[in-house]
Structure formats: structure tokens, C-alpha cells
1. Starting from the stretch 272-283, take each residue that is β-branched (Val, Ile, Thr) and list its partners that are open to solvent by less than 10 Å² (accessible area, probe 1.4 Å), counting only C-beta distances under 8 angstrom and pairs at least six apart or across chains.
2. Within the stretch 262-307, which residues are farther than 30 Å from Val145 by Cα and among the charged types (D, E, K, R)?
3. Kindly provide the set of residues from the stretch 139-176 that are open to solvent by less than 50 Å² (accessible area, probe 1.4 Å) and among the charged types (D, E, K, R), ordered by number.
4. From the list His39, His58, which one is in contact (Cβ under 8 Å) with a residue 60 or more places away in the chain, within 16 Å of Phe118 (Cβ to Cβ) and crowded, with 16+ Cβ neighbours inside 10 Å?
Amino acid sequence: MGFNGDGTAAAPTTFAGLVSYAASHHPEFSTMEQYWWAHYAYWQNSIISTGLLAFWSHELVYFGRNLPWIVADALPSVFGRYKIQGAAKQPTAAQQWECVKYILLLHVFAEIPLMVAFHPICELFGLSVEVPFPTWPTIAGQIAVFFVIEDAYHYWIHRFLHWGPMYKNVHRIHHQYSAPFGMAAEYASPIETVLLGIGTIGSPILYGALTGNVHLWTVLIWVVFRQFQAIDAHSGYDFPWSLRHVLPFWGGADWHDDHHRYFIGNYSSSFRYWDILMGTVAGPVAGAKRRELKRQKEQARLAAQGS
């Protein structure tokens with residue numbers, strides 16, 4: 001169904017009227033599909049409609065998902081035993097507030113322009129915004145693929161960001177906090193925000209370009225999951241019920257906390273296998289193994305030269 005009605009009657013002009021119109025003319029649509037149709041029909045501008053959906057869903061999820069971690073930090077007597085790093089390394093309330101202010105500025109000046117450009121990108125690569133939505137099995141399957149694509153991209157870009165000049169001029173901002181907290185998930189330079197954002201948005205765009213079968217609704221749900229993953233990985237908490245205890249290959253807060261603590265290794269975003277395969281697991285044990293392997297290779301090289 002398009003966003004100008006179905007030709008059977010003149011559509012109303014208020015948002016509430018448009019929702020009622022969609023409900024009466026298309027009862028087969030779910031409530032969310034009716035609101036989705038009314039949103040696009042109300043604005044009559046797909047760039048604005050898509051941009052608003054992308055921006056407000058991002059803001060609500062980002063700050064909303066951080067609320068539990070703010071509460072946990074405020075109740076150290078209850079949740080302190082689940083904190084990965086000690087209290088001495090935790091940023092102060094003033095430092096966390098500076099982080100929040102920076103992120104708000106980053107969202108306004110770096111992310112809004114990207115979100116305005118998002119709808120033309122969707123059209124260019126064949127992403128749909130029409131109703132009805134895809135089925136839930138289709139959505140779940142595509143999001144699983146997006147996780148795999150993004151994790152691979154993130155691993156190699158993140159390693160690149162730890163290359164000397166890139167770390168010094170770009171990535172060092174994100175490593176200001178050796179003991180991360182949820183709100184610091186997007187504390188980064190605008191350049192890093194764009195580079196890593198390409199992985200998040202580029203995954204469904206690539207899939208859509210190849211298959212012609214990706215919906216914006218799926219992309220928004222995927223971004224929500226990706227935000228949850230990034231915020232939880234930076235939360236600094238490892239609970240007995242954390243996902244990594246259920247899925248051993250899941251990264252989790254303990255995995256990414258070691259990246260911030262040791263600065264080298266654990267470059268992937270969601271999973272562990274890239275770092276395991278490439279020998280870049282963080283931590284003193286893994287570091288000792290890398291140094292020993294390097295020593296053995298050097299001994300073999302010297303022995304080969306002497307023979």
C-alpha cells in the first residue's frame with residue numbers, strides 16, 4: 001500500500017485521522033503497520049519521514065538502554081560485585097556528564113546529516129519502506145546475517161583504528177575511558193562514528209543490494225539490537241545471566257572491557273571468533289602467548305640465517 005491512500009476515498013490530514021483511515025481501510029495491517037503508513041502519509045516527504053524514524057528510534061533506544069546501567073552504577077552495594085573493573089578505575093559523575101554532552105553534540109552534528117541522507121540511500125539500493133512488513137522469520141534471519149557481516153567489518157576497521165596514526169588522531173578519543181560505561185559506547189570522533197556506522201548501516205544495504213529484499217523496518221530493528229550490543233559491551237558489568245554465558249562465542253562486556261583495559265586485542269564487536277582466529281585476543285595470558293610465539297619465530301629466523 002502506498003502512502004497516498006488506495007484511491008477509494010480522500011485520506012484525512014491529521015495523524016490520528018490517518019491512523020483511523022489505515023485501520024478502517026486495511027484491517028489486515030498490524031497496529032504498527034497502520035502507524036507506519038500514517039507516519040509516511042502525514043509527512044508526505046519520504047526523506048523527512050525516514051530521517052525522523054531513524055533519529056528518534058536511535059535516541060530513545062540509546063538513552064533508554066543506558067538507564068539500567070545508570071541505576072546499577074547508583075547502587076554499588078547491590079550491583080558492585082558484578083562490576084568487571086574496580087571502583088578506583090571508574091569515571092566520576094562529572095566525567096560521565098561530559099561524555100553525555102559530547103554524545104548529544106555528536107548526534108546532532110554528525111548523525112542527523114547521515115540520517116537525512118538515509119532515505120535516498122535506501123531507494124538507491126532497493127530497500128523498501130512500504131507496508132506490509134516482512135514476516136518475523138524473514139526479519140530474524142536477515143538480522144542474523146547482518147550481525148555476521150558487521151562483526152567482520154568491525155574487526156578489521158577496529159584493527160585499522162589501532163594503527164599508530166589512526167589511533168593518535170581518531171580512535172584515542174574512544175579510549176579515554178579504560179573502564180568503560182554504557183554511555184561511552186558512542187563516545188568517539190566523528191570520523192570513527194562514520195567509519196563504524198558504515199558497518200552497521202552498510203550490512204543491510206549490501207544485503208539489500210544483492211537480494212532486493214530488505215525493509216527499513218528490519219533495518220531499524222537491527223540497529224536497535226546493534227545498539228543494545230554496543231551499550232551492553234561497554235556497560236562494565238558481567239552478570240550470571242549475561243548473554244555470553246548462554247552463547248560462548250558472544251563477545252559481551254567482559255570481552256570488550258579487556259580491550260579497553262589492555263588497548264590491544266578483542267577488536268570484534270559481537271562475537272569472539274575473529275580475534276581467536278587472528279590471534280588478537282586481549283589480556284595478559286594471550287599477550288604472553290603472542291610474545292612467546294614471536295620469540296620462537298625470531299629464534300627460527302636466526303637459526304635459518306646461521307645454517
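1. Pairs that qualify, where the first residue is β-branched (Val, Ile, Thr) and the partner is open to solvent by less than 10 Å² (accessible area, probe 1.4 Å), are Thr280/Gly265; Thr280/Asn266; Val281/Gly265; Val281/Asn266; Val281/Asp275.
2. The answer is Lys289, Arg290, Arg291, Glu292, Lys294, Arg295, Lys297, Glu298, Arg301.
3. Glu150, Asp151
4. Sole residue among the options that is in contact (Cβ under 8 Å) with a residue 60 or more places away in the chain, within 16 Å of Phe118 (Cβ to Cβ) and crowded, with 16+ Cβ neighbours inside 10 Å: His58.
For every residue, the table says whether it meets (1) surrounded by fewer than 19 Cβ atoms within 10 Å (Cβ to Cβ); (2) at pLDDT 95 or above; (3) out of contact with any Leu (no Cβ under 8 Å at 6 or more places or on another chain).
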residue: Asn45; (1), (2), (3): yes, no, yes
residue: Leu52; (1), (2), (3): yes, no, yes
residue: Gly64; (1), (2), (3): yes, yes, yes
residue: Ala72; (1), (2), (3): no, no, yes
residue: Pro91; (1), (2), (3): no, no, yes
residue: Leu104; (1), (2), (3): yes, no, yes
residue: Ala117; (1), (2), (3): yes, no, yes
residue: Glu123; (1), (2), (3): yes, no, yes
residue: Pro137; (1), (2), (3): yes, yes, yes
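The values are calculated or read from the model by the stated rules, or taken from the named source; none is laboratory data. What you see is a predicted model; the values in this text were computed from it and never measured. Positions of Cβ are generated from backbone atoms using ideal geometry, with glycine treated the same way; all protein chains shown enter the neighbour counts. Protein only, heavy atoms only, side chains kept; ligands, DNA and RNA dropped before computing areas. Shrake-Rupley method; radii C 1.70, N 1.55, O 1.52, S 1.80 Å.
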